[in-house]
Amino acid sequence: MIRRPIFLSLLLALGGLAHAKTPDQLRTDFIDRMVREYGFEKTEVTRIMHQARLSKSVLEAISRPAERVLNWTAYRKIFVTPTRIAGGVAFWREHAATLARAEREYGVPPHIIVAILGVETRYGAHTGGYRVLDALHTLGFHYPRRGKFFREQLSHFLRFAREENINPADPTGSYAGAMGVPQFMPDSFRDYAVDFDGDGRRDIWDNHADVIGSVANYFVDKGNWRSGAAVAGPAHGVTSAHRGLIEAGAKPSLALQQLIENGISFDASPEPGRKVSLLEFNTDAGKEYWVGMDNFYAIMRYNPRTKYALAVYQLAEAIRERHLQSVQVSNTDGG
């Protein structure tokens with residue numbers, strides 16, 4: 001009675017492997033789809049696919065992302081550093097007018113936009129040296145675990161290259177195909193990148209106006225950023241008895257009164273009537289707890305890991321404070 005289900009499961013698993021398509025078959029299906037659904041010439045897509053190269057370093061890199069193995073202490077040390085804070089202040093100073101305009105039009109404050117760019121690429125200094133075509137081709141056809149996702153990204157990439165009149169062999173990015181200063185995936189580029197300076201192109205590699213406007217637009221359109229609202233704050237009084245509140249997840253779903261009734265206090269001012277989340281982080285010194293609001297979850301729409309969102313928030317706050325100090329010093333020296 002016990003062996004039969006196991007035997008059947010093995011047969012099903014083997015059957016699935018037997019029917020799994022090879023990379024060449026997947027590539028043929030992809031080319032046919034681009035022709036059938038998006039009006040590409042078959043010879044054109046075939047030529048582009050022949051230009052794509054399999055990258056072993058891409059496969060190695062995607063198997064060991066830092067978010068999975070580092071605790072919050074180690075993760076924070078990478079992103080919230082004096083160098084990134086100083087770089088953020090310098091970037092803000094250089095692009096102050098554009099950042100102010102983005103805040104007026106989208107409601108996203110400069111320090112949040114700047115911190116995203118600091119965490120993603122050190123303000124454009126490290127945008128990735130992989131050809132996007134190679135990265136997406138490798139992961140789309142040689143990484144079964146998420147092949148479907150990356151084939152979809154490759155489809156978006158070829159479409160945006162056609163829309164923007166870009167040679168698909170030219171753009172570079174991360175090992176996962178994220179592009180430019182803000183590290184947009186191809187579908188995000190097509191949905192959220194904007195021509196913020198009105199020159200007729202959406203350039204997230206070399207045009208800082210488009211970079212800033214695109215990040216702000218992303219936060220509003222995908223993240224539902226709430227202008228003027230708080231992001232997060234440390235939580236106090238959390239014990240093992242509150243495990244259920246933590247396991248409710250990072251998306252705000254808890255009423256403030258639930259936390260208060262459970263003896264939890266927090267250093268933040270959530271909007272009345274809005275839901276919050278209770279977040280737990282492993283550190284070298286034990287557990288650390290935070291309350292996250294809608295805007296914390298908006299940052300997670302950029303990267304769905306709580307450590308990433310907290311790093312962006314803490315870097316943003318440090319940049320904001322240092323920028324304010326520099327403005328005050330400048331005003332004192334000038335006056």
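Coordinate-derived values only; no laboratory data. Keep in mind that this is a model prediction, so the values were computed, not measured. Positions of Cβ are backbone-derived with ideal geometry, glycine not excepted, and every protein chain shown enters the neighbour counts.
Some points to look at:
- With N the number of residues in the stretch 213-259, Rg(Cα) / (2.2 N^0.38 Å) evaluates to 1.52.
- Debye intensity ratio I(q)/I(0), log10, the chain, q values 0.11 Å⁻¹ (C-alpha model): -0.84
- Under the simplified labelling scheme, the R162-K148 pair shows an inter-label distance of 2.4 nm, with each label point 7 Å from Cα along Cα→Cβ.
- FRET efficiency, 1/(1 + (r/R0)^6) with R0 35 Å, evaluated for R201 and E60 via beta carbons: 0.55
- Percent breakdown of C-alpha pair distances by 10 Å bin, ordered from the shortest bin, for the stretch 232-292: 24, 62, 13, 1
- T81-E37 FRET efficiency (beta carbon distance; Förster radius 45 Å; 0.05 resolution): 0.50
- Each peptide in 228-237, 170-179, 40-49 receives the mean, over its residues, of other Cβ atoms within 10 Å, and ordering these scores from highest gives 170-179, 228-237, 40-49.
- Estimated inter-spin distance, K21 and N282, nm [label 7 Å along Cα→Cβ]: 3.8
- Pair T172, R93: separation of 7 Å Cα→Cβ label points (nm): 2.8
- Mean Cβ count within 10 Å, highest first, over the residues of peptides 117-130, 294-307: 294-307, 117-130
- Dipole of the stretch 232-292 [Lys/Arg +1, Asp/Glu -1 at C-beta], most positive-end residue of S269, A232, G244: G244
- Only one residue of F296, F189, V45 has its Cα farthest out toward the positive end of the dipole of the chain, where Lys and Arg carry +1 and Asp and Glu -1 on Cβ, and that residue is V45.
- Cβ-Cβ distance of S265 and D221, R₀ of 45 Å, FRET efficiency by 1/(1 + (r/R0)^6): the value works out to about 0.85.
- Using the rule -39500 (n - 2.57) for each DSSP H run of four or more residues, divided by the residues of the chain, the 222 nm mean residue ellipticity is -17500 deg cm²/dmol.
- Cα-centre dipole for the stretch 232-292 with unit charges at Cβ (Lys and Arg positive, Asp and Glu negative), debye to 20: 200
- Centroid-to-centroid, using Cα positions, the stretch 18-94 and the stretch 132-158 are 7 Å apart.
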